[in-house]
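Below: one structure, written as structure tokens.
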Amino acid sequence: MLTGDLVRLRPVEPEDADAFNRWHNDEEVMRWLQSYFHSSLASTRKRFADRQENSYEKVTFCIETLEERKLIGVVVLRDADPINARAEVDIYIGEKDHWGGGYGTDALRTVCRYGFDTLRLHSIELGVVEANERAIKSYKKVGFQVDGRFRQSFFRDGEWHDALLMCVLKDELT
């Protein structure tokens, strides 16, 4: 388990499926995420029971509050490339009452430290919809910088939005 200032990152357990299913069926939680498909609780539980173990290529952590040990979100380091020492990160806080409390920023910083120190990565990248200002602000606090733009690459609510490619290098992590 990994510990930050506000959160603890731990492996996903089968019993976490119910919370994930609730988050994945909440339009507000999923608003700026690429994959947004409603799913049944039974299919989510099956997916969790059958999921692959963490590996160098993909490490998934549940985000829990340190104080309450409450499951509030997920962070994933994926597509790790040992040749180029890079990976991509995905993160979201599913418990809306914990939005804006610094939990996502702390979880992102903690998983990046793990990626740089344990997985020996040199860079970690992410994609974010430009309209998701709260997320971008959080990413910049950790040291991520905008490296590129994918014009009109994300469609939501009848509108096209630009997506940004952001990256943090090992020596830029704050």
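The values are calculated or read from the model by the stated rules, or taken from the named source; none is laboratory data. In this text the structure is predicted, and so the values were computed from the model without any measurement. Neighbour counts are summed over all protein chains in view; Cβ atoms, including those assigned to glycine, are modelled from backbone coordinates with ideal geometry. We work out accessible area using only protein heavy atoms, side chains counted, and drop any ligands, DNA or RNA first. Shrake-Rupley method; radii C 1.70, N 1.55, O 1.52, S 1.80 Å.
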Between segment 57-126 and segment 1-46, what is the separation of their alpha carbon centroids in Å? 13
For the chain, list log₁₀ I(q)/I(0) at each q in 0.14 Å⁻¹, using the Debye formula over Cα point scatterers of equal strength and ignoring solvent, two decimals each. -0.76
So the carbon and sulfur contribution to the accessible area of the chain, 1.4 Å probe, in percent, is 47
As a test question: what accessible area, to the nearest 10 Å², does D157 have when a 1.4 Å probe is rolled over all protein chains in place? 100
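Antiparallel versus total DSSP beta bridges in segment 12-168: what percent is that, nearest 5?
In segment 12-168, DSSP labels about 90 percent of beta bridges as antiparallel.
For segment 62-166, what's the relative contact order in percent, using C-alpha pairs closer than 8 Å and at least 6 residues apart? Working shown, then result.
Numbers: 161 pairs, mean separation 21.4, N = 105.
The value is 20 percent.
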Check which residues have an amide H placed less than 5 Å from L164's amide H, if you skip close sequence neighbours. V128, V129, E130, F150
Student exercise, segment 72-169 dipole from Lys, Arg, Asp, Glu Cβ charges, in Debye to nearest 20: 260
In the full protein assembly as shown, how much of D97 is accessible to a 1.4 Å probe, in Å² to the nearest 10? 110
Between the modelled labels at E57 and L169 (7 Å from Cα along Cα→Cβ) the distance in nm is 2.8
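Note down the net charge around Y92, summing +1 for each Lys or Arg and -1 for each Asp or Glu among other residues with Cβ under 12 Å from its Cβ. Write down the numbers at each step before the final one.
On the way: positive: R31, K96, R134; negative: D26, E28, D90, E95.
Charge balance in the 12 Å sphere: -1.
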Are any of the pairs K70/K170; K96/K137; K46/K141; K96/K170 more than 25 Å apart by Cα-Cα distance, and if so, which? K70/K170; K46/K141; K96/K170
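Using the heavy atoms of the protein chains alone and a 1.4 angstrom probe, what is the accessible area of segment 1-133 per residue in square angstrom?
Details: 7050 Å² over 133 residues.
Value for segment 1-133: 53 Å² per residue.
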Can you list which of the GluC sites (Glu not before Pro) found in segment 65-174 are DSSP loop residues with at most 14 other C-beta atoms within 10 Å? E67, E68
Counting each DSSP H run of 4 or more residues in the chain as -39500 (n - 2.57), what helix-only mean residue ellipticity at 222 nm follows after dividing by all residues, to the nearest 500 deg cm²/dmol? -7500 deg cm²/dmol
